[in-house]
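Scroll down for the structure; my scribbles are underneath it.
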Amino acid sequence: MVAMPEVRYAMSGDLHIAYQVLGDGPMDLVFVSGFTSHCEHQWEEPALARSLDRLASFSRLIWFDKRGTGLSDPVLDTNQFTLEQRMNDVQAVLDAVGSEQTAILGASEGGAERVLATVLFTDIVDSTDHAARLGDHRWRDLVEAHPRLVRRELDRFHGREINTAGDGFLATFDGPARAVRCAQAICEGVRRLGLEVRAGVHTGEIEVATGDDVGGIAVHLGARIAALANGGDVFVSRTVRDLVAGSGLCFEYRGSRHLKGIPEKWDIYRAVPVAGHSLARDWPRAGMVLAG
């Protein structure tokens, strides 16, 4: 029988979040459980204990009881069960164990598979005006060049394209820092083509549906954040800003905003490009066509 690791506690605001650590592998792996969990009782289930032990055989496995469940502090105010608070709890545990880079494994909740992921939305700004100004032939060249550039940057930063709608892209990442840098590279590269793109990045719990489509409140938040951005800007949620602390990325506060269809206000930040540092590859300049 697998021995139960020591239960420890991390502070997330004024709440104690119970967590455990098992294994000393070369990578950190955070296991985000389903709707309920219990750090002690889960070891009484042999099949689950064996699964956790196997995960710990190649990693330093970290898991925790979500606020209001298991050994974590109870929560009476349902307003505290937000995605922002959930990510704060994850970050509190990661800080407590000194984790700097982490892979995340999410279990399902309810009928849909729900995982923590970072979503990126991009969209060409004023595409109708560009088409009218450039004419059909030149606009067609840019329309063909733009998605090739975006897909190359997604591949470079290990993003996964989910779908396209009009002039926009939706992609997911397993790390928020890569998503932000990818967005900055896309904005910079597209500008060289003579276009402006705006982008929004958010990290939260998403629903993975059949056919690899994604949904959930985190996806809606990412889209709403992108809609706030101006041409060339990458806007992110406070969740993203907090998760990438120490990555070298810089942000400026753009205010607390009401987002359409989202009840509470969200703090929004703009990713600030580093002066003299280019993230874009040697993409063609305006007037050139990006080869396939």
Exercise. Residue check, Ala47 against (1) assigned to a loop (DSSP other than H, G, I, E, B); (2) surrounded by fewer than 12 Cβ atoms within 10 Å (Cβ to Cβ), all met but one. Which one?
Worked result: (1)
For this session: For Val236, indicate whether it is touching a residue at least 12 places away in the same chain (Cβ under 8 Å), crowded, with 23+ Cβ neighbours inside 10 Å, under 15 Å from Leu116 (Cβ atoms) and not small (Gly, Ala, Ser).
Result: no
Exercise. In region 22-40, how many are under 28 Å from Glu207 (Cβ atoms) and surrounded by 14 or more Cβ atoms within 10 Å (Cβ to Cβ)?
Worked result: 9
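Yes/no matrix, rows are residues, columns are (1) at pLDDT 95 or above; (2) touching an Asp or Glu at 6+ places or on another chain (Cβ under 6 Å); (3) not assigned by TED's automatic domain parsing to the domain that holds Asp126:
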| residue | (1), (2), (3) |
| --- | --- |
| Thr210 | no, no, no |
| Val214 | no, no, no |
| Ile217 | no, no, no |
| Leu221 | no, no, no |
| Arg224 | no, no, no |
| Ala227 | no, no, no |
| Gly232 | no, yes, no |
| Val236 | yes, no, no |
| Ala245 | no, no, no |
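If you go through region 3-36, how many residues are small (Gly, Ala, Ser) and closer than 23 Å to Asp174 by Cα?
Quick first cut of region 3-36, residues small (Gly, Ala, Ser) only: 3, 10, 12-13, 18, 23, 25, 33-34.
Then drop every residue that is not closer than 23 Å to Asp174 by Cα, which leaves 12, 23, 25, 33-34.
Of the residues in region 3-36, 5 are small (Gly, Ala, Ser) and closer than 23 Å to Asp174 by Cα.
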Exercise. Taking region 11-50 on its own, how many of its residues are touching a residue at least 40 places away in the same chain (Cβ under 8 Å), under 22 Å from Arg114 (Cβ atoms) and in contact with a strand residue (DSSP E or B) (Cβ under 7 Å, 6 or more places away or on another chain)?
Worked result: 12
Exercise. When only residues in region 61-76 that are in contact with a Gly (Cβ under 8 Å, 6 or more places away or on another chain) and surrounded by fewer than 19 Cβ atoms within 10 Å (Cβ to Cβ) count, which is nearest to Gln20 (Cα to Cα)?
Worked result: Pro74
Exercise. Cβ-Cβ below 6 Å, separation at least six or inter-chain, first residue in region 192-203 and in the same structural domain as Val236 (by TED's automatic domain parsing), second surrounded by fewer than 24 Cβ atoms within 10 Å (Cβ to Cβ) and in a strand (DSSP E or B): which pairs?
Worked result: Leu195/Ile124; Val197/Ile124; Arg198/Asp123
Problem set entry | Residue satisfying all of: in region 19-50; among the hydrophobic types (A, V, I, L, M, F, W, C) and over 24 Å from the mean Cα position of the chain (by Cα); farthest from Leu71 (Cα to Cα) among these | Ala47
Exercise. Helices (runs of 4 or more DSSP H) wholly in region 167-268 with at least 1 residues that are within 30 Å of Asp141 (Cβ to Cβ) - which ones?
Worked result: 176-192, 217-228
For this session: Please determine, by comparing only the residues of region 151-188 that are closer than 18 Å to Pro273 by Cα and of a type in the set (Val, Ile, Thr), which one is surrounded by the most Cβ atoms within 10 Å (Cβ to Cβ).
Result: Ile186
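The values are calculated or read from the model by the stated rules, or taken from the named source; none is laboratory data. Every value quoted in this text rests on a predicted model; they were computed, and no experiment measured them. So basically every Cβ, Gly included, is an ideal-geometry build from the backbone, and we count neighbours across all protein chains shown.
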